[in-house]
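See structure below.
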Amino acid sequence: MKKIKPLITKYKSFKFRSRLEARWAVFFDSLGIKWEYEAEGYALEDCWYLPDFWLPEYDGGIHVEVKHTGGDFSKAMKFTEITRNSIWLCEGPPAPRVYDYVWWDEGAPNICKVIPFWDVAVRFKRFFYDPGYEEQDGTMSQDYQDINPEYMQAVEDANCFDFNLTQTT
């Protein structure tokens, strides 16, 4: 089976390894979230790992790994197991849905399904989860979408951004 190569995408002064990563950068910018792209690589026991994003102002700093739907997050999980750093696993493009968030507490990983409550998260610089707003398929309920207009606008901005018009300087 032939492997499909991602499309290198320019946004701002960055060359992203994929259009998906660039969409997440647009999403973070739309919400006013400070981000760093591929800020630091790590030598794990048997491989190298380079998280896609670093959000220095959230929860004391969290890493973000972006993969297409069905992507392999095993390196990200190994990274968080070794370093005990928090990581947000973003599967697919920005969307009104639940994501996995991993953090360590008392030597054990905690993996929870997170719907970032962005109106509060942006103000307090940390993730919040509001249980009960997700549908069985993992998407946000319409009620939740209605009370998070900034999030919904950022999703639209990221998914409708025309990268062909982006200035690279």
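The values are calculated or read from the model by the stated rules, or taken from the named source; none is laboratory data. From a predicted model like this one, the values you see are computed outputs, not experimental measurements. When we count neighbours, we look across all protein chains shown, and the Cβ atoms used for this are built from the backbone with ideal geometry, even at glycine.
Here are some notes:
- When Gly132 is tested against (1) over 21 Å from Gly92 (Cβ atoms); (2) at pLDDT 80 or above, just one condition goes unmet, and that condition is (2).
- Across region 39-57, the number of residues qualifying as more than 20 Å from Ala22 (Cβ to Cβ) and surrounded by 16 or more Cβ atoms within 10 Å (Cβ to Cβ) comes to 2.
- Residue that is of a type in the set (A, V, I, L, M, F, W, C) and in contact with a Cys (Cβ under 7 Å, 6 or more places away or on another chain), where the choices are Val102, Val98, Val64: Val64
- Residues that are farther than 18 Å from Pro56 by Cα, within 18 Å of the chain's Cα centre (by Cα), modelled with pLDDT under 80 and outside any loop (DSSP other than H, G, I, E, B) within region 102-118 comprise Cys112, Lys113, Val114, listed in sequence order.
- Check on Tyr99, at pLDDT 90 or above and among the hydroxyl-bearing types (Ser, Thr, Tyr): no
- Selection within region 1-19: residues that are of a type in the set (S, T, N, Q) and in contact (Cβ under 8 Å) with a residue 60 or more places away in the chain. The member of this set that is surrounded by the fewest Cβ atoms within 10 Å (Cβ to Cβ) is Ser13.
- In region 141-162, the residues that are hydrophobic (A, V, I, L, M, F, W, C), modelled with pLDDT of 80 or more and either in a loop (DSSP other than H, G, I, E, B) or over 26 Å from Lys12 (Cα atoms) (or both): Phe161
- Scanning region 66-82 for residues that are more than 13 Å from Ile111 (Cα to Cα) and in contact with a His (Cβ under 9 Å, 6 or more places away or on another chain) gives a single hit, Phe79.
- Meets criteria (farther than 27 Å from Asp143 by Cβ, crowded, with 20+ Cβ neighbours inside 10 Å and either touching a residue at least 40 places away in the same chain (Cβ under 8 Å) or among the acidic types (Asp, Glu) (or both)) for Ala22: yes
- The single residue among Glu57, Glu36 that is acidic (Asp, Glu), closer than 18 Å to Trp24 by Cα and over 13 Å from the mean Cα position of the chain (by Cα) turns out to be Glu57.
- Any hit, region 68-86, residues being part of a strand (DSSP E or B) and either surrounded by 18 or more Cβ atoms within 10 Å (Cβ to Cβ) or not charged (D, E, K, R) (or both): no
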